[in-house]
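Enquirer: There's a structure below that I have some questions on.
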């Protein structure tokens, strides 16, 4: 039991992606354990979304390998990766706008979730209840407000029965109480043994969710470890706030009586 | 597959319609049979188009390419001595295969590019049939062996053949509408990226839909060629037809079960009663219809929520619909 639990469910080995000479993702090696929540942070343009795109097969790697459950998926197509159990949400929500909320979630259950049509309906209702969208089931997805659209993305991904869930800024644009609800929801999902990778800009969300954080900067991992200590890493502060401020910050930290 | 009550009602209504048409065939005179056969043929083409153009939302303007291909496969096969029904099946297979091969290239295009790509296929195939004289007879055309029997029996045979094909197309439509395949096509119509992210094999679905459209178009062409017993390039690969089929289906409602049928009926009625008397106005009227449909009822007859439309019209103008915030 413990031996298999320690084995990573997802492993990135020296993954790179070059866009027109720019190394958007540069030689990244990471591993994720089953059931853990990992925060993926970094300034704008650090390569976070590209990394998610590489894992989900949406963008092809320029080099390196992605191992999922002991098998390389680096050549698999996006739909095959989704069916194998890796779900993702999009930073800019991508609903099937003219379908109902229920049908949107059913889509996740039917294909990646391997459900029959009727079974998919039940599964979708469960996921809608979980994400508190049940009352919107018959509304067209286009009519949802932003917070609910984000939840719809989450419900759709859950219906896929994923083993890994990558959440690309699901909390961006939400207000404080909506964020608290989302955090509780994500904890509950992780409790079911689903590995969660959260891309997030809001520090308080990352601290509330993830025990472990990975910081990307210019496509490379600059820091990795327990969330608390990652946030104190001078290199991370430098990545976010620039060289000058990092120095100033370090000085004022050391000047403070502990 | 979910066959709920509305779907079963649609199935029963549809099948009853075709049964009625088949029985009525015994009572119709020659002219009526001809109109009925033409209506059935257009229904098949519209239902075929509806799979790619309606359910999947790819603006296909290539039905005439498959239709013409079916004409020539049938004609050439029959001239070579292959019996009539076998020649039709050959056309079905040929249409599906051609659609698969063309689809591998064309289905990488989207929107207007796809529309233009498919219209080009019609032109290319017409030029091929115009110039490959040893096989197609070129611009002179090709005679197809005429079926033995008195004209009335033969006419009735083709009427039933076309109606059966229409019934088959209808059954395919209703299965697509209710199945995970059709559900996937509807997802693709709205957002291909999201569709692949929920695990839909988008490209394979697109090719499969295109093949169904191609097979139906080609089979209709084959039956038509056997019926008229003579084909020529400008008749087989007609640009007007390729556009008309799309317009008819839009008129009836794209991506709906009865839309293509309703569109074909409307069109045939228009042709028989209006154009027969105002032949010079033909193109003008067609153009007007296209504009009206696209501007006012883009969903068509069966794709528009008429109740909501009338409710909105009855209400004072102040009730501006709030746009969902993005």
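Enquirer: Within the range B:107-134, track down each residue that is outside any loop (DSSP other than H, G, I, E, B) and closer than 17 Å to residue B:209 by Cα.
Expert: B:111, B:114, B:115, B:117, B:118
Enquirer: A further question follows. Within the range A:127-142, take every residue that is in a helix (DSSP H, G or I) and touching a helix residue (DSSP H, G or I) at 6+ places or on another chain (Cβ under 8 Å) and give me the one that is nearest to the other protein chains (Cβ to nearest Cβ).
Expert: A:141
Enquirer: May I pose another question? Tell me the residue from B:57, B:25, B:48, B:14 that is in contact with a helix residue (DSSP H, G or I) (Cβ under 8 Å, 6 or more places away or on another chain) and within 15 Å of residue B:217 (Cβ to Cβ), please.
Expert: Selected residue: B:48, the only one of B:57, B:25, B:48, B:14 that is in contact with a helix residue (DSSP H, G or I) (Cβ under 8 Å, 6 or more places away or on another chain) and within 15 Å of residue B:217 (Cβ to Cβ).
Enquirer: Could you list, in sequence order, all residues of the range B:166-191 that are within 10 Å of another protein chain (Cβ to nearest Cβ) and touching a residue at least 12 places away in the same chain (Cβ under 8 Å)?
Expert: Of everything in the range B:166-191, those that are within 10 Å of another protein chain (Cβ to nearest Cβ) and touching a residue at least 12 places away in the same chain (Cβ under 8 Å) turn out to be B:178, B:179, B:180, B:184, B:186, B:187, B:188, B:189, B:190.
Here's the yes/no breakdown for (1) in a loop (DSSP other than H, G, I, E, B); (2) within 14 Å of chain A (Cβ to nearest Cβ); (3) in contact (Cβ under 8 Å) with a residue 12 or more places away in the chain:
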site	(1), (2), (3)
B:8	no, no, no
B:12	no, no, no
B:16	no, no, no
B:27	yes, no, no
B:35	no, no, yes
B:38	no, no, yes
B:47	no, no, yes
B:50	no, no, yes
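Enquirer: Identify, please: which residue in the range B:190-244 is outside any helix (DSSP H, G or I) and touching a strand residue (DSSP E or B) at 6+ places or on another chain (Cβ under 7 Å) and is, among those, nearest to residue B:84 (Cα to Cα)?
Expert: Applying the filter and picking the extreme gives B:229.
Enquirer: Residues that are in contact with a strand residue (DSSP E or B) (Cβ under 8 Å, 6 or more places away or on another chain), within 20 Å of residue A:224 (Cα to Cα), modelled with pLDDT of 90 or more and more than 13 Å from chain B (Cβ to nearest Cβ): does the range A:67-79 have at least one?
Expert: yes
Enquirer: Kindly evaluate residue B:259 against the criterion of being in contact (Cβ under 8 Å) with a residue 40 or more places away in the chain and at positive phi.
Expert: no
Enquirer: Still on this structure, please answer the following. Among A:124, A:208, A:107, A:184, which is the only one that is surrounded by 16 or more Cβ atoms within 10 Å (Cβ to Cβ), assigned to a helix (DSSP H, G or I) and more than 14 Å from chain B (Cβ to nearest Cβ)?
Expert: A:208
The values are calculated or read from the model by the stated rules, or taken from the named source; none is laboratory data. All figures in this text were calculated on a predicted structure; none of them were measured in a lab. Neighbour counts run over all protein chains shown; Cβ positions are idealised from the backbone, glycine included.
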